[in-house]
Amino acid sequence: MTSVNGDFGLSMDELRVVARYVAETAQDVLPVFEDANPGDTRPRAAIDAAWEFINGAPRTRLQRTTSMDAHRAAKETATETARLAAQAAGDAASAAYLHPIAKAHQVGHILRAAANAARIAEIDAGEDPLAGSRAIEEARERATPALIGILQRYPLAPSGKSRAAQLMTALDTSLRGSPQAGTEGTRKGPG
């Protein structure tokens, strides 16, 4: 089992756990981006690259490149929901390169996609915070014990003023307070 060392170790299997969690969320909100940007395949390519890694391929430049491309797509799109969805896709591909350093911003690489999905749910529900709370609860339920164990190696999520940052903090707090949330995921890829 190959591992990456920093302030602590992360195995490739653990990186795949994180990438799966992020990719599942990003895949669910991808239609938000694609509906607003028909023909822009950059976020889909990032999610596909994430699934290649999740399903056993080595992490390569493909994940880095497609992640950056999806983040560029996020900056270029016209709506907040499409931006959040493209950003989640970029995060899915970049999860293969999560750094094992005890810095709060690393938590964003684990939880930002789920927070973005919750923010999309709020916007789609006419700015209803209950929709965001429900999405955060669903994200908490999807978290495996392995994911929570990885998350707990990092400091608390950074605080922020944006609604997505607030949702990420809520998810982080919920996961850390529920050490055995969820069950092992079973998705194998897109479709």
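The values are calculated or read from the model by the stated rules, or taken from the named source; none is laboratory data. In this text, all values refer to a predicted model and were calculated from it rather than measured experimentally. No Cβ is skipped: glycine too gets one built from the backbone with ideal geometry, and neighbour counts run over all protein chains shown. To get the accessible areas, we keep the full protein, side chains included, count just its heavy atoms, and leave off ligands, DNA and RNA. Shrake-Rupley method; radii C 1.70, N 1.55, O 1.52, S 1.80 Å.
Condition first: over 13 Å from the mean Cα position of the chain (by Cα) and either buried (at least 24 other Cβ atoms within 10 Å of the Cβ) or among the basic types (Lys, Arg) (or both). Now tell me which residues in the range 129-144 satisfy that. Across the range 129-144, the qualifying residues are Gly132, Arg134, Ala135. Screening Ala70 with (1) at positive phi; (2) surrounded by 24 or more Cβ atoms within 10 Å (Cβ to Cβ) gives one miss only, at (1).
Applying a threshold of 8 Å to beta carbon distances and a minimum spacing of six or more residues, or different chains, the list of pairs starting in the range 46-58 at a residue that is open to solvent by 30 Å² or more (accessible area, probe 1.4 Å) and ending at one that is outside any helix (DSSP H, G or I) reads Asp48/Pro190; Asn55/Lys188; Asn55/Gly189. The combined condition, being more than 17 Å from the chain's Cα centre (by Cα) and at positive phi, is not fulfilled by Gly9.
Residues are listed down the side, and each one gets a yes or a no for (1) touching a Ser or Thr at 6+ places or on another chain (Cβ under 9 Å); (2) of a type in the set (Gly, Ala, Ser):
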residue: Arg72; (1), (2): no, no
residue: Glu76; (1), (2): no, no
residue: Glu80; (1), (2): no, no
residue: Leu84; (1), (2): no, no
residue: Ala93; (1), (2): yes, yes
residue: Tyr97; (1), (2): yes, no
residue: Gly108; (1), (2): no, yes
residue: Ala113; (1), (2): yes, yes
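Modelled with pLDDT of 95 or more and not in a helix (DSSP H, G or I): is that true of Ala46 in this structure? Answer is no for this residue. Please verify whether Gly126 is over 16 Å from the mean Cα position of the chain (by Cα), within 21 Å of Val32 (Cβ to Cβ) and assigned to a loop (DSSP other than H, G, I, E, B), treating the condition exactly as stated. Yes; evaluated as a whole, the condition is true for this residue.
A residue that is under 22 Å from Ala170 (Cα atoms) and part of a helix (DSSP H, G or I) occurs somewhere in the range 96-106.
Residues in the range 21-45 that are among the basic types (Lys, Arg) and surrounded by 24 or more Cβ atoms within 10 Å (Cβ to Cβ): how many?
Filtering the range 21-45 down to residues among the basic types (Lys, Arg) leaves 42, 44.
If we keep only those that are surrounded by 24 or more Cβ atoms within 10 Å (Cβ to Cβ) too, we end up with none.
Total satisfying the criteria: 0.
Taken together, the residues in the range 153-170 that are within 22 Å of Pro100 (Cα to Cα) and not in a loop (DSSP other than H, G, I, E, B) amount to 3.
Just to verify a result, which residue in the range 145-168, among those that are under 16 Å from Glu122 (Cβ atoms) and open to solvent by 50 Å² or more (accessible area, probe 1.4 Å), is modelled with the lowest pLDDT?
Going through the qualifying residues, I end up with Lys161.
Only one of these conditions is not met by Leu62: (1) under 26 Å from Pro38 (Cβ atoms); (2) hydrophobic (A, V, I, L, M, F, W, C); (3) open to solvent by less than 10 Å² (accessible area, probe 1.4 Å). Which number is it? Unmet for Leu62, out of (1) under 26 Å from Pro38 (Cβ atoms); (2) hydrophobic (A, V, I, L, M, F, W, C); (3) open to solvent by less than 10 Å² (accessible area, probe 1.4 Å): (3).
Go through the residues of the range 51-59 one by one and say whether even a single one is under 14 Å from the mean Cα position of the chain (by Cα) and assigned to a helix (DSSP H, G or I). Yes; the residues of the range 51-59 include at least one that is under 14 Å from the mean Cα position of the chain (by Cα) and assigned to a helix (DSSP H, G or I).
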